[in-house]
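Visitor: Dropping a structure here in C-alpha coordinates format, bear with me for questions.
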Amino acid sequence: MSKGPSPLVADTSVVINLIATGFASSIINALPRPLIAVDVVPSELEIGRARGRTELERFNELVNGGVIKVVSLGDLGMQHFESLVIGSAAETLDDGEAATIACAIEQSGVAYIDERKAWRICSERYQALQVGCTVDLLTHTDVRARLSDEIVAGAIFNALQGGRMSVLPTHLSAVVSLIGAERAALCESLPRSIRASAQNRAAGQK
(Lines give C-alpha, C1' and ligand atoms only; values in the text may rest on other atoms or scores of the structure.)
Protein backbone atom coordinates (compact mmCIF):
# COMPACT_ATOMS: atom_id res chain seq x y z
CA MET A 1 0.00 0.00 0.00
CA SER A 2 1.84 3.08 -1.25
CA LYS A 3 0.86 6.70 -0.83
CA GLY A 4 -1.84 7.98 -3.16
CA PRO A 5 -5.35 9.39 -3.40
CA SER A 6 -7.12 6.06 -3.85
CA PRO A 7 -8.98 5.29 -0.62
CA LEU A 8 -8.94 2.34 1.74
CA VAL A 9 -12.54 1.17 2.11
CA ALA A 10 -13.33 -0.45 5.47
CA ASP A 11 -16.12 -2.96 6.02
CA THR A 12 -18.17 -2.86 9.23
CA SER A 13 -16.19 -5.68 10.85
CA VAL A 14 -12.93 -3.87 10.09
CA VAL A 15 -14.30 -0.66 11.63
CA ILE A 16 -15.36 -2.59 14.74
CA ASN A 17 -11.90 -4.15 15.01
CA LEU A 18 -10.14 -0.80 14.61
CA ILE A 19 -12.29 0.72 17.34
CA ALA A 20 -11.65 -2.28 19.58
CA THR A 21 -7.88 -1.76 19.35
CA GLY A 22 -8.11 1.37 21.48
CA PHE A 23 -5.79 3.15 19.03
CA ALA A 24 -8.09 3.70 16.05
CA SER A 25 -7.18 7.35 15.45
CA SER A 26 -3.43 6.74 15.65
CA ILE A 27 -3.61 3.70 13.39
CA ILE A 28 -5.79 5.35 10.74
CA ASN A 29 -3.80 8.58 10.75
CA ALA A 30 -0.59 6.59 10.19
CA LEU A 31 -1.92 4.96 7.02
CA PRO A 32 -0.66 6.40 3.71
CA ARG A 33 -4.14 6.70 2.18
CA PRO A 34 -7.50 8.01 3.46
CA LEU A 35 -9.82 5.51 5.15
CA ILE A 36 -13.48 5.66 4.15
CA ALA A 37 -16.63 3.70 4.93
CA VAL A 38 -19.84 3.36 2.94
CA ASP A 39 -22.98 4.71 4.61
CA VAL A 40 -24.15 1.11 5.15
CA VAL A 41 -21.54 0.82 7.92
CA PRO A 42 -23.14 3.26 10.41
CA SER A 43 -26.50 1.66 9.66
CA GLU A 44 -25.08 -1.75 10.65
CA LEU A 45 -23.46 -0.23 13.74
CA GLU A 46 -26.86 1.21 14.66
CA ILE A 47 -28.21 -2.34 14.82
CA GLY A 48 -25.40 -3.18 17.22
CA ARG A 49 -26.24 -0.22 19.43
CA ALA A 50 -29.75 -1.62 19.89
CA ARG A 51 -28.02 -4.68 21.36
CA GLY A 52 -25.99 -2.60 23.79
CA ARG A 53 -22.81 -2.16 21.75
CA THR A 54 -21.04 1.21 21.70
CA GLU A 55 -19.10 1.19 18.41
CA LEU A 56 -21.48 3.64 16.71
CA GLU A 57 -20.66 6.40 19.20
CA ARG A 58 -16.93 5.90 18.72
CA PHE A 59 -17.37 5.69 14.94
CA ASN A 60 -19.23 9.01 14.93
CA GLU A 61 -16.39 10.57 16.92
CA LEU A 62 -13.91 9.40 14.29
CA VAL A 63 -16.10 10.77 11.50
CA ASN A 64 -16.63 14.10 13.24
CA GLY A 65 -12.89 14.33 13.83
CA GLY A 66 -12.16 13.81 10.14
CA VAL A 67 -10.39 10.49 10.74
CA ILE A 68 -12.90 8.46 8.71
CA LYS A 69 -15.07 9.74 5.86
CA VAL A 70 -18.50 8.27 5.12
CA VAL A 71 -19.47 8.02 1.45
CA SER A 72 -22.42 6.84 -0.62
CA LEU A 73 -22.35 4.59 -3.66
CA GLY A 74 -22.77 6.11 -7.10
CA ASP A 75 -24.46 4.48 -10.06
CA LEU A 76 -21.55 2.18 -10.88
CA GLY A 77 -21.17 1.19 -7.25
CA MET A 78 -24.88 0.40 -6.96
CA GLN A 79 -24.67 -1.89 -9.98
CA HIS A 80 -21.89 -3.91 -8.36
CA PHE A 81 -23.66 -3.82 -4.99
CA GLU A 82 -26.83 -5.31 -6.44
CA SER A 83 -24.88 -8.06 -8.19
CA LEU A 84 -23.31 -8.99 -4.84
CA VAL A 85 -26.50 -9.14 -2.79
CA ILE A 86 -28.89 -10.77 -5.28
CA GLY A 87 -28.58 -14.50 -5.91
CA SER A 88 -27.92 -17.72 -4.04
CA ALA A 89 -26.63 -17.58 -0.48
CA ALA A 90 -23.33 -19.16 -1.51
CA GLU A 91 -22.65 -16.41 -4.03
CA THR A 92 -23.93 -13.32 -2.21
CA LEU A 93 -22.69 -11.17 0.67
CA ASP A 94 -24.23 -9.08 3.40
CA ASP A 95 -24.88 -5.41 2.68
CA GLY A 96 -21.76 -4.10 4.40
CA GLU A 97 -19.31 -6.38 2.61
CA ALA A 98 -21.08 -5.90 -0.74
CA ALA A 99 -21.09 -2.11 -0.38
CA THR A 100 -17.42 -2.07 0.62
CA ILE A 101 -16.38 -4.08 -2.43
CA ALA A 102 -18.62 -2.02 -4.73
CA CYS A 103 -17.20 1.24 -3.37
CA ALA A 104 -13.60 0.04 -3.75
CA ILE A 105 -14.29 -0.85 -7.38
CA GLU A 106 -16.02 2.47 -8.04
CA GLN A 107 -13.25 4.54 -6.45
CA SER A 108 -10.30 2.39 -7.56
CA GLY A 109 -9.53 1.80 -3.91
CA VAL A 110 -8.64 -1.16 -1.71
CA ALA A 111 -11.42 -3.17 -0.03
CA TYR A 112 -10.75 -4.19 3.57
CA ILE A 113 -12.83 -7.18 4.63
CA ASP A 114 -12.16 -10.10 6.97
CA GLU A 115 -14.59 -12.78 5.76
CA ARG A 116 -13.10 -15.59 3.69
CA LYS A 117 -16.27 -15.89 1.61
CA ALA A 118 -15.94 -12.27 0.53
CA TRP A 119 -12.27 -12.83 -0.34
CA ARG A 120 -13.24 -15.84 -2.44
CA ILE A 121 -15.91 -13.94 -4.33
CA CYS A 122 -13.49 -11.09 -4.99
CA SER A 123 -10.86 -13.49 -6.32
CA GLU A 124 -13.42 -15.07 -8.64
CA ARG A 125 -15.21 -11.95 -9.91
CA TYR A 126 -12.87 -9.01 -9.38
CA GLN A 127 -9.33 -10.23 -9.89
CA ALA A 128 -8.01 -6.71 -10.44
CA LEU A 129 -9.41 -5.46 -7.13
CA GLN A 130 -6.97 -5.09 -4.26
CA VAL A 131 -8.29 -6.67 -1.06
CA GLY A 132 -6.89 -6.47 2.46
CA CYS A 133 -7.96 -7.35 6.00
CA THR A 134 -7.79 -5.75 9.44
CA VAL A 135 -4.47 -7.41 10.25
CA ASP A 136 -2.97 -5.83 7.13
CA LEU A 137 -3.95 -2.39 8.41
CA LEU A 138 -2.69 -3.01 11.94
CA THR A 139 0.67 -4.33 10.76
CA HIS A 140 1.24 -1.87 7.94
CA THR A 141 4.80 -0.56 7.81
CA ASP A 142 3.73 3.04 8.44
CA VAL A 143 1.63 2.02 11.45
CA ARG A 144 4.49 0.04 12.97
CA ALA A 145 6.83 2.95 12.31
CA ARG A 146 4.59 5.37 14.21
CA LEU A 147 3.54 3.00 16.98
CA SER A 148 5.84 0.62 18.81
CA ASP A 149 5.60 -3.13 18.17
CA GLU A 150 4.40 -3.45 21.75
CA ILE A 151 1.46 -1.11 21.07
CA VAL A 152 0.68 -2.84 17.77
CA ALA A 153 0.67 -6.22 19.52
CA GLY A 154 -1.63 -4.83 22.20
CA ALA A 155 -3.91 -3.36 19.54
CA ILE A 156 -4.17 -6.73 17.79
CA PHE A 157 -4.90 -8.48 21.08
CA ASN A 158 -7.61 -5.91 21.87
CA ALA A 159 -9.17 -6.41 18.43
CA LEU A 160 -9.20 -10.17 18.95
CA GLN A 161 -10.72 -9.84 22.41
CA GLY A 162 -13.05 -6.86 22.04
CA GLY A 163 -13.87 -7.04 18.33
CA ARG A 164 -13.64 -10.82 18.00
CA MET A 165 -11.53 -10.18 14.93
CA SER A 166 -11.41 -12.94 12.34
CA VAL A 167 -7.92 -13.77 11.11
CA LEU A 168 -7.29 -15.26 7.69
CA PRO A 169 -5.31 -18.54 7.69
CA THR A 170 -2.41 -16.83 5.93
CA HIS A 171 -2.09 -14.34 8.80
CA LEU A 172 -2.42 -16.66 11.81
CA SER A 173 1.28 -17.36 12.29
CA ALA A 174 2.19 -13.66 12.16
CA VAL A 175 -0.56 -12.73 14.62
CA VAL A 176 0.49 -15.36 17.16
CA SER A 177 4.12 -14.31 16.76
CA LEU A 178 3.23 -10.67 17.41
CA ILE A 179 0.96 -11.09 20.43
CA GLY A 180 2.71 -14.08 21.94
CA ALA A 181 1.47 -17.58 22.74
CA GLU A 182 0.09 -16.71 26.17
CA ARG A 183 -2.25 -14.02 24.84
CA ALA A 184 -3.11 -16.02 21.70
CA ALA A 185 -4.39 -18.85 23.91
CA LEU A 186 -6.97 -16.43 25.38
CA CYS A 187 -8.46 -15.29 22.04
CA GLU A 188 -11.60 -17.26 21.28
CA SER A 189 -11.90 -15.76 17.79
CA LEU A 190 -8.75 -17.66 16.82
CA PRO A 191 -9.20 -21.28 15.66
CA ARG A 192 -9.28 -23.81 18.48
CA SER A 193 -6.23 -25.63 17.11
CA ILE A 194 -4.24 -22.39 17.14
CA ARG A 195 -5.29 -21.63 20.71
CA ALA A 196 -4.42 -25.14 21.86
CA SER A 197 -1.00 -24.97 20.23
CA ALA A 198 -0.40 -21.52 21.73
CA GLN A 199 -1.45 -22.76 25.16
CA ASN A 200 1.03 -25.64 24.95
CA ARG A 201 3.79 -23.27 23.87
CA ALA A 202 2.95 -20.85 26.69
CA ALA A 203 3.03 -23.68 29.22
CA GLY A 204 6.39 -24.83 27.91
CA GLN A 205 7.84 -21.34 28.31
CA LYS A 206 6.99 -21.17 32.02
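Visitor: Six or more apart or on different chains, Cβ under 9 Å: which pairs go from a residue in the range 183-206 that's closer than 13 Å to LEU172 by Cβ to one that's among the hydroxyl-bearing types (Ser, Thr, Tyr) and not in a helix (DSSP H, G or I)? Could you list them?
Guide: SER189/SER166
Visitor: Could you check how many residues of the range 149-172 are in a helix (DSSP H, G or I) and either more than 16 Å from the chain's Cα centre (by Cα) or surrounded by fewer than 21 Cβ atoms within 10 Å (Cβ to Cβ) (or both)?
Guide: 12
Visitor: Looking at this structure, is VAL175 part of a helix (DSSP H, G or I) and crowded, with 16+ Cβ neighbours inside 10 Å?
Guide: Values: part of a helix (DSSP H, G or I): yes; crowded, with 16+ Cβ neighbours inside 10 Å: yes.
Yes: the conditions hold for VAL175.
Visitor: Name the residue, out of VAL38, VAL67, VAL14, that is modelled with pLDDT of 95 or more and in contact with a Cys (Cβ under 6 Å, 6 or more places away or on another chain).
Guide: VAL38
Visitor: When you scan the range 173-194, do you find a residue that is in contact with a Cys (Cβ under 8 Å, 6 or more places away or on another chain) and either closer than 23 Å to PHE81 by Cβ or at pLDDT below 95 (or both), even just one?
Guide: No; the residues of the range 173-194 include none that is in contact with a Cys (Cβ under 8 Å, 6 or more places away or on another chain) and either closer than 23 Å to PHE81 by Cβ or at pLDDT below 95 (or both).
Visitor: Within the range 86-94, is even one residue of a type outside the set (Val, Ile, Thr), outside any loop (DSSP other than H, G, I, E, B) and either outside the structural domain of ASN17 (by TED's automatic domain parsing) or at pLDDT 95 or above (or both)?
Guide: No.
Visitor: Only one of these is crowded, with 20+ Cβ neighbours inside 10 Å, of a type in the set (Asp, Glu) and within 18 Å of the chain's Cα centre (by Cα): GLU115, GLU97. Name it.
Guide: The unique qualifying residue is GLU97.
Visitor: Given the options LEU168, LEU137, name the one that is at pLDDT below 95, within 30 Å of GLN79 (Cα to Cα) and among the hydrophobic types (A, V, I, L, M, F, W, C).
Guide: LEU168
Visitor: I would also like to ask the following. Going through the range 23-76 one residue at a time, which ones are of a type outside the set (Lys, Arg), loosely packed, with under 15 Cβ neighbours inside 10 Å and assigned to a loop (DSSP other than H, G, I, E, B)?
Guide: Matches in the range 23-76: PRO32, ASP39, ALA50, GLY52, THR54, GLY65, GLY66, SER72, GLY74.
Visitor: If you don't mind, another one. Taking the range 137-148, which residues are without any contact (Cβ under 8 Å) to a residue 60 or more places away in the chain and either within 13 Å of the chain's Cα centre (by Cα) or under 16 Å from HIS171 (Cβ atoms) (or both)?
Guide: THR139, THR141, ARG144
Visitor: What's the number of the only condition in (1) in contact (Cβ under 8 Å) with a residue 40 or more places away in the chain; (2) of a type in the set (S, T, N, Q); (3) part of a helix (DSSP H, G or I) that GLN79 fails to meet?
Guide: Checking GLN79 against (1) in contact (Cβ under 8 Å) with a residue 40 or more places away in the chain; (2) of a type in the set (S, T, N, Q); (3) part of a helix (DSSP H, G or I), the one that fails is (1).
Visitor: Against the condition surrounded by fewer than 17 Cβ atoms within 10 Å (Cβ to Cβ), within 23 Å of SER6 (Cβ to Cβ) and aliphatic (A, V, I, L, M), how does ALA128 come out, does it pass? Working first, answer last.
Guide: Working: surrounded by fewer than 17 Cβ atoms within 10 Å (Cβ to Cβ): yes; within 23 Å of SER6 (Cβ to Cβ): yes; aliphatic (A, V, I, L, M): yes.
So ALA128 passes the test.
The values are calculated or read from the model by the stated rules, or taken from the named source; none is laboratory data. Note that the structure is a prediction, hence the values are computed from the model and not measured. Please note: Cβ atoms are built from the backbone with ideal geometry, for glycine as well, and neighbour counts cover all protein chains shown.
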